[in-house]
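Peer 1: Provided herewith is a single structure, encoded as structure tokens, for subsequent inquiry.
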Amino acid sequence: MKSINTCGQKQYSPLIPAIEAICKATPGDKLEIIMDNTIAFSDLKEYLIERNIGFREIYDGEQMAVQFIV
């Protein structure tokens, strides 16, 4: 499983590395995207739902993660 941690991202939206990882993944790849930005996290979940990609949500204190298969 490839893990992308966007926590603490201040220069640009944490969605950029998340979407980049999704676009570079090949079918069957397992991804975990970790965030600490609740707005970006909600946007990412909406993106996955719109594309009918099932995911698992994980909450750990201030960090949130989604795990899914591309």
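The values are calculated or read from the model by the stated rules, or taken from the named source; none is laboratory data. In this text, all values refer to a predicted model and were calculated from it rather than measured experimentally. FYI the Cβ positions are ideal-geometry reconstructions off the backbone, even for glycines, and counts take in every protein chain you see.
Peer 1: Kindly evaluate G61 against the criterion of being free of Cβ contacts under 8 Å to residues at least 60 places away in the same chain and on the phi < 0 side of the Ramachandran plot. Before the answer, list the steps.
Peer 2: On the way: free of Cβ contacts under 8 Å to residues at least 60 places away in the same chain: yes; on the phi < 0 side of the Ramachandran plot: no.
No: the conditions fail for G61.
Peer 1: Another question, if that's okay. Tally up the residues in the stretch 19-48 that are acidic (D, E), within 15 Å of I4 (Cα to Cα), surrounded by 12 or more Cβ atoms within 10 Å (Cβ to Cβ) and free of Cβ contacts under 8 Å to residues at least 40 places away in the same chain, please.
Peer 2: Residues of the stretch 19-48 acidic (D, E): 20, 29, 32, 36, 43, 46.
Okay, now just the ones that are also within 15 Å of I4 (Cα to Cα), so 20, 29, 32, 36.
Then drop every residue that is not surrounded by 12 or more Cβ atoms within 10 Å (Cβ to Cβ), which leaves 29, 32, 36.
Keeping just the survivors that are free of Cβ contacts under 8 Å to residues at least 40 places away in the same chain gives 32, 36.
Selection size over the stretch 19-48: 2.
Peer 1: Being at pLDDT 95 or above, loosely packed, with under 15 Cβ neighbours inside 10 Å and touching an Asp or Glu at 6+ places or on another chain (Cβ under 7 Å) is the filter here, so list the residues in the stretch 49-68 that pass it.
Peer 2: Q63, the sole residue that qualifies.
Peer 1: Something else now. Please specify each residue of the stretch 1-18 satisfying the condition of being out of contact with any strand residue (DSSP E or B) (no Cβ under 6 Å at 6 or more places or on another chain) and under 17 Å from D29 (Cα atoms).
Peer 2: none
For every residue, the table says whether it meets (1) more than 10 Å from the chain's Cα centre (by Cα); (2) among the hydrophobic types (A, V, I, L, M, F, W, C).
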position: Q11; (1), (2): yes, no
position: M35; (1), (2): no, yes
position: K45; (1), (2): no, no
position: G54; (1), (2): yes, no
position: I58; (1), (2): yes, yes
